[in-house]
Amino acid sequence: MLQISDLNVYYGESHILRDVDMHIPEGQMICLIGRNGVGKTTLLKTIMGLIKPRRGSVDFLDRPINHLSPDKRARMGIGYVPQGREVIPRLTVKENLIIGLEALDNPPKNQEIPEEIFELFPVLKTMLWRMGGDLSGGQQQQLAIARALMGKPKLLVLDEPTEGIQPSVILDIEAAIKKVVKATGISVLLVEQHLHFVRQADWYYAMQKGGIVASGATSELSQDVIQQFLAV
Amino acid sequence: MLIVQGLLEGLFNGLSIGAVLLVAALGLAIVFGLMGVINMAHGEFMMLGAYTTFIVQNVFKTFGSPWSETYIIFALPVAFLLTAGFGILLERGVIRYLYGRPLETLLATWGVSLILQQFVRSVNWVLAIAIVIFSALFFGGLWFIAKRADYDRIKTLVWTIMLPLSAAISGAIGFVLAQTFKLTVTKPWFGAQNVDVTAPAWLRGGVRVFGTFQIPYARLFIIILTAACMAGIYLFLQKSKWGLRIRSVTQNRTMSSCLGIPTQQVDSLTFALGSGLAGIAGCAISLLGSVGPNTGQNYVVDTFMVVVVGGVGKLAGSVVAAIAIGTVNYFVGSGTIALLVQPIKPLADFFTFFATASMAKVMVFFLIISFLQFRPGGIFPQKGRTVDA
Ligand SMILES: Nc1ncnc2c1ncn2[C@@H]1O[C@H](COP(=O)(O)OP(=O)(O)OP(=O)(O)O)[C@@H](O)[C@H]1O
Ligand SMILES: [Mg+2]
């Protein structure tokens, strides 16, 4: 579904990603782990098209997408939940969700929020008319995920969805993601520090200094790897 | 009694000056306030709107009444569409390469404003026909060739051949036309002099309120027009699909594009909307006096003032600022304040000194500068660059 080959990314002259190869098969949940500042967010931004790689390619649905702008990638079916949520602050929660429909080719005429969204994230239902920027961090995170799901993505890209969020809400978010994957069979690329959540994935990639240094099935995630790559 | 009448008169006149300022500033509130683009050619877009009104008036005159009395109704949408079109050209052709570089944008759009001023001075049939032929040849040709698969490879070659070729052909045709038909085609359409738009009969005169004080219909028309534009913009931004996209992009461009919003189209549309509103403003000011190539320059500073004083990005702020500036301007300029403080001799002398149109402006600028010292963010300051209608 998503194939990354020989990816090299720079910020100015500093070399951030080095020869990254990654494969995300259809219907699988892949987790990317690594310590702070190794380049996880940079990789996701390159997948979205926010940063242009100097070398290497990103293919989605067997098509090279290197030259496509972020909005075209979103329309192809990549749903992005960035680190820091990026909820649009002066739009209401409902408007934030409706913006999520932009990724669809034929958005429904009536701009109603489907019930499934509220089943996944019940808190949102009661605050449709609040400004997105007035929500708490945890609520904003749920809104950001719900917004990405509104566009019915084929690949959901999540950047540290549990960062700075209380344990009970982390479990809610985890459960919601699992439910979506089960119901729709979409692929997920997850950047995560939280071990419990990492274990939900099928496969992990571990990153160090901008390169992939280990990968394997999460069921075989050893204490060693956990010690080395997760800030636990 | 006299004082009450003076006050009321002042308030209404201030409101009507404010309405003119506001209608002129609305487009800028969108282009500068929402997009953060400093468009020095905004005044020239107003000037184009005013000239469009002039043309529409002349065309409708030939139809006889009742058309010659209703031209203004038709001039409004025509001016809106024409300047919106110019706006799209400017955005696609120049400004989009300069986003995030205010200094370059300022210089480039200033250049465009000079070009537009000279354009209305010297436009004639030869120039118009040459431009049309050039565009047809060059852009038509490009469009045709761009369909070829190997376009990217031969792009430079195509440009180096097509550009001089189209220019030469259109230049030659223009030259031949000028030689054959002489003055009939080389006479400028408008020339450097001002042109006059005569308000239709139903906009001349005014309603008498009391005593000698009357409200001119033309002013009333502008106030209503401004209110209608405000309501239109508000509804468009708050209720329409594109309005939501515009609000989203102005608040968080990166995330908006990651969600699938075509940000380039949104930019063009926002710019077109702001420019179109300048066209409508041009229509309105053509009712107040003659218009010339420099008309735009008289307004552009004032409109920037309105947007800055109101608070960049706040449409409501622009409304308050426009009315406040208009009112102060009138009260000082007409000598009403001087009249009010007559008992206190030195104060009265002071205000009498400022009681001319140009001195009033000096005073208003001074007040604005001092105001911005205390509130640099304007009347309604805001955090970040967001839109709030
Ligand atoms: N805009 C930028 N300009 C220059 N350097 C940057 C920029 N953004 C990130 N970097 C650098 O790139 C490196 C990788 O950053 P990135 O955000 O991808 O890390 P990360 O793995 O997501 O870290 P975290 O776990 O803290 O989110 C860091 O060293 C960072 O300092
Ligand atoms: Mg990160």
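The values are calculated or read from the model by the stated rules, or taken from the named source; none is laboratory data. Computed from a predicted structure; not experimentally measured. As a convention, Cβ positions derive from the backbone with ideal geometry for all residues, glycine included, and neighbour counts pool all protein chains shown.
Quick notes
- For the stretch A:92-132, the set of residues classified as in contact with a Ser or Thr (Cβ under 9 Å, 6 or more places away or on another chain) and closer than 19 Å to A:THR162 by Cα consists of A:GLY132 only.
- Flag if A:LEU195 is within 16 Å of ligand 2 (Cβ to nearest atom) and not basic (Lys, Arg): no
- The stretch A:69-97 - residue that is among the small types (Gly, Ala, Ser) and under 23 Å from A:GLN111 (Cβ atoms) and, of those, nearest to the other protein chains (Cβ to nearest Cβ): A:ALA74
- Set side by side, the residues B:ILE224, B:ILE285 differ, and just one is away from every other protein chain (no Cβ under 14 Å) and without any contact (Cβ under 8 Å) to a residue 12 or more places away in the chain, which is B:ILE224.
- Any pair with Cβ under 9 angstrom, 6 or more apart, that starts in the stretch B:231-258 at a residue that is at the interface with another protein chain (Cβ under 9 Å from one of its Cβ atoms) and ends at one that is in a helix (DSSP H, G or I) and of a type in the set (Lys, Arg): B:SER256/B:ARG245; B:CYS258/A:ARG73
- Checking each residue in the stretch A:72-114 for being within 16 Å of ligand 1 (Cβ to nearest atom) and hydroxyl-bearing (Ser, Thr, Tyr) picks out only A:TYR80.
- Residues (under 20 Å from B:GLY191 (Cα atoms) and either part of a loop (DSSP other than H, G, I, E, B) or not assigned by TED's automatic domain parsing to the domain that holds B:GLN117 (or both)) located in the stretch B:288-311: B:GLY289, B:SER290, B:GLY292, B:PRO293, B:ASN294
- Residues in the stretch B:56-63 include none that are assigned by TED's automatic domain parsing to the domain that holds B:TRP110 and outside any helix (DSSP H, G or I).
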